[in-house]
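The values are calculated or read from the model by the stated rules, or taken from the named source; none is laboratory data. Nothing here was measured: the structure is a model prediction, and the numbers come from that model. Cβ placement follows ideal geometry from the backbone for every residue including glycine, while neighbour counts extend to all protein chains displayed.
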Amino acid sequence: MKVLLPLSALCALLMLASLLIGPAGAGLGGSLAALWSGEGALGLVMREIRAPRAVLGLLVGASLGLSGAAMQGYLRNPLAEPGLIGVSASAALGAVIALQTGFATAFVLALPIAALAGAVLAVGLILIMAGPGGGSLALILAGVAISALAGALTSLVLNLSPNPFAANEIVFWMMGSLADRSWLHVAIAAPFMAAGAAMLWGAGRGLDALTLGEDAAASLGIDLPRLRLRLVLGVAAMVGAATAVAGAIGFVGLVVPHLLRGAVGARPGRLLAASALGGAALVLAADIAVRLILPGRDLKLGVVMALIGAPVFLHLIWRQRRGR
Amino acid sequence: MVRLAAALVITLAGAAAAEPQRVVSVNLCTDQLAMLIAAPGQLQSVSWLAADPSVSLMPDQARSVGLNHGSAEEVFLQDPDLILAGTYSTGPATEMLRRLGMRVETMAPATSVEDVRAAITRMGALLGQPARAAKVLADFDADLAALPKGAPRRATTYGANGYTSGPETLSGDVMRRAGLVLLTEGAGQMALEQLVMAAPELIVTGSRYPTPSRAESVLDHPALAAIPADRATVPDRDWICGLPAIVGTAERLAQ
């Protein structure tokens, strides 16, 4: 609890900042009044452009943070992160195929479903390759292979598109961005994120038990195959939905659990909620940074994330080496 | 030395004045301008883009002339005595053709109606058809003079990635001739929220490709649809090139 409250407050603060910062550059009071009334050009900006962007940042960040924490808890490996091991890249591949074949326009939820399918394949493959114990080497090798394959196929599909703009979009799908997203994107992503969150939330007790090892967890009455299924579907739903609307945003699921693990007493179950809030705060902050550093140039979120994430990643490796 | 230079100039001028018989064009805009001005049979081939109805106004005529893909080998084998290219088109190919001793003339893309007038005259000179060019120019000038002045609405184009056309572009000049007032001083990207705040009275959008792209998704944003402004759609082919047909585009925008 002592972690969740400050994190919630931080998220609220960043949401507000996200609503108030933008190229239109209106005053604080005027912006909030326009958000409330929804009148005039500023009302349109606040309600239809900034509000969905802020909400989507919150949802995407929470999804990625929660997914990272859940995967790390299950595999008992701090390197298991959706962006790093190719789950996001596979979700992006699913989304790109759906968009380019026209499947995405077949019905409203077709785009997130396609991304989810890509993510399910990747998570399933990772769990099979890494094995139940989740050895670091197998996990990372499988992840690198899946990332590379999904990334290459995404580039191929976009290069083959008859739309000349599509080839430039490789950057978006690999780096992620929240620019010019609307309530439509919130609406198609939110149901999948909610379903995924519900599945992962229930996995907390199982993840706590797993820290004692598989046998001990089983003897505590944890149904391991069921836990695994929950995890695969939950992570795929959340990462799939987030990637379908915002592209693949890396490092969130790596950095946030890493920073918060100590504060929750290293219990994976308690880390879930904290990581969801922490992920939301990180993505909101990064999206604000993107708008402040290079306004109007649509700097990709992944760039900022990598600047934060890479040092943490290197620190992790350093600590692991010294630990041995 | 001076005499040598003078002799060279005279020789070059003489070569330019002779009417080329086998002309190949490798740029969408020179393609169409050449087809308007060249005498029948003078054009050997035009670029394949000129046959694409999404960017060309003269696809049928282009197909009847014959098509090339702008590669040096293909063009060389057609043995042209004049090659028309854009300043930015197929650089390595035109360089190679020059090295092979071919006469390559490049034309810069038009960025204003005045540029179009100059291009018509220059094309006439290059093709050795000044009389035909003068006729096209006279018709163009008459159409320009007859252009109705529309209401001075504050207008802007809005396209993929939020790009707008500034005053130094052909589309900007065409809009100005249609009586519109451009919203932006400089060309470039404009964030959707800046567009909303600028409160335009007319938003001009262009062609869309059949498959979706993230760059164009900004054009589907509900906030864009909610701006209380008039809408006009100008297909890219109607002002991508500096052709006399831009008068028709200006006329439609003036209404």
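Any idea how many residues of region B:78-97 are modelled with pLDDT of 90 or more and either part of a helix (DSSP H, G or I) or touching a helix residue (DSSP H, G or I) at 6+ places or on another chain (Cβ under 9 Å) (or both)? Before the answer, list the steps.
Going residue by residue through region B:78-97, those that are modelled with pLDDT of 90 or more are B:78-85.
Still in the list and also either part of a helix (DSSP H, G or I) or touching a helix residue (DSSP H, G or I) at 6+ places or on another chain (Cβ under 9 Å) (or both): B:80, B:82-85.
Going through region B:78-97 one residue at a time, the tally reaches 5.
When you go through (1) within 14 Å of another protein chain (Cβ to nearest Cβ); (2) within 14 Å of the chain's Cα centre (by Cα); (3) in a helix (DSSP H, G or I) one by one for A:A248, which number turns out not to apply?
Result: A:A248 passes all but (3).
Got a number for residues in region A:294-311 being in a loop (DSSP other than H, G, I, E, B) and within 15 Å of the chain's Cα centre (by Cα)? Steps first, answer last, please.
Initial filter on region A:294-311 (in a loop (DSSP other than H, G, I, E, B)): A:294-300.
After this cut, where a residue has to be within 15 Å of the chain's Cα centre (by Cα) as well, the list is A:300.
Number of matching residues: 1.
Looking at region A:235-285, which of its residues are within 30 Å of A:V108 (Cβ to Cβ) and among the aromatic types (F, W, Y)?
none
Which residue, of A:A179, A:A203, A:A189, A:A194, is small (G, A, S) and without any contact (Cβ under 8 Å) to a residue 60 or more places away in the chain?
A:A194
For region A:265-298, which positions are within 14 Å of chain B (Cβ to nearest Cβ) and either free of Cβ contacts under 8 Å to residues at least 60 places away in the same chain or in contact with a Phe, Trp or Tyr (Cβ under 7 Å, 6 or more places away or on another chain) (or both)?
Scanning region A:265-298 gives A:L294, A:R297.
Any residue at all in region A:51-73 that is of a type in the set (V, I, T), within 12 Å of chain B (Cβ to nearest Cβ) and touching a residue at least 60 places away in the same chain (Cβ under 8 Å)? Explain how you work it out, then say what you get.
Taking region A:51-73 first, the residues of a type in the set (V, I, T) are A:55, A:60.
Of the ones still in play, those that are also within 12 Å of chain B (Cβ to nearest Cβ) are none.
No, that holds for no residue.
Restricting attention to region A:190-228, report how many residues are of a type in the set (S, T, Y) and not in a helix (DSSP H, G or I). Spell out the reasoning first.
First pass over region A:190-228, keeping only residues of a type in the set (S, T, Y): A:211, A:219.
Filter once more, so that each one left must be not in a helix (DSSP H, G or I): A:211.
Number of matching residues: 1.
Considering only region A:187-199, state which residues are crowded, with 17+ Cβ neighbours inside 10 Å and more than 14 Å from the chain's Cα centre (by Cα).
Matches in region A:187-199: A:I188, A:M199.
In the list A:F313, A:F251, which residue meets the criterion of being among the aromatic types (F, W, Y) and under 15 Å from A:S63 (Cα atoms)?
Details: A:F313 fails: under 15 Å from A:S63 (Cα atoms).
None of the others qualify; the one that does is A:F251.
Scan region A:285-295 and tell me whether some residue there is among the small types (G, A, S) and within 10 Å of A:F251 (Cβ to Cβ).
Looking through region A:285-295, at least one residue is among the small types (G, A, S) and within 10 Å of A:F251 (Cβ to Cβ).
Of the residues that sit in region B:199-221 and are more than 23 Å from A:S177 (Cβ to Cβ) and over 25 Å from the mean Cα position of the chain (by Cα), which one is nearest to the other protein chains (Cβ to nearest Cβ)?
Per the stated criteria, the residue is B:A199.
For region A:294-322, give me each residue that is closer than 21 Å to A:W173 by Cα and among the hydrophobic types (A, V, I, L, M, F, W, C). I'd like the intermediate steps shown before the answer.
Going residue by residue through region A:294-322, those that are closer than 21 Å to A:W173 by Cα are A:294-310.
A:L294, A:L299, A:L301, A:V303, A:V304, A:M305, A:A306, A:L307, A:I308, A:A310, listed by residue number.
Quick one: is A:G204 of a type in the set (G, A, S), at pLDDT 85 or above and in contact with a Phe, Trp or Tyr (Cβ under 6 Å, 6 or more places away or on another chain)? Can you show your working first?
On the way: of a type in the set (G, A, S): yes; at pLDDT 85 or above: yes; in contact with a Phe, Trp or Tyr (Cβ under 6 Å, 6 or more places away or on another chain): no.
For A:G204, the condition - of a type in the set (G, A, S), at pLDDT 85 or above and in contact with a Phe, Trp or Tyr (Cβ under 6 Å, 6 or more places away or on another chain) - is not met.
Among (1) more than 12 Å from chain B (Cβ to nearest Cβ); (2) touching a residue at least 40 places away in the same chain (Cβ under 8 Å); (3) not acidic (D, E), there is one condition A:L158 misses while meeting the rest; what is its number?
Of (1) more than 12 Å from chain B (Cβ to nearest Cβ); (2) touching a residue at least 40 places away in the same chain (Cβ under 8 Å); (3) not acidic (D, E), only one is false for A:L158: (1).
Regarding B:G162, is this residue at positive phi, among the small types (G, A, S) and at pLDDT below 90?
On the way: at positive phi: yes; among the small types (G, A, S): yes; at pLDDT below 90: yes.
Criteria met by B:G162.
Filter region A:161-186 for residues that are closer than 23 Å to A:G68 by Cα and more than 9 Å from chain B (Cβ to nearest Cβ); which is surrounded by the most Cβ atoms within 10 Å (Cβ to Cβ)?
If we filter region A:161-186 for residues that are closer than 23 Å to A:G68 by Cα, which is where we start, we get A:171-178, A:185-186.
Subsequent filtering for residues that are more than 9 Å from chain B (Cβ to nearest Cβ) retains A:171, A:174-176, A:178, A:185-186.
Values: A:V171: 16, A:M174: 22, A:M175: 19, A:G176: 30, A:L178: 27, A:H185: 25, A:V186: 19.
Of everything passing the filter in region A:161-186, A:G176 is surrounded by the most Cβ atoms within 10 Å (Cβ to Cβ).
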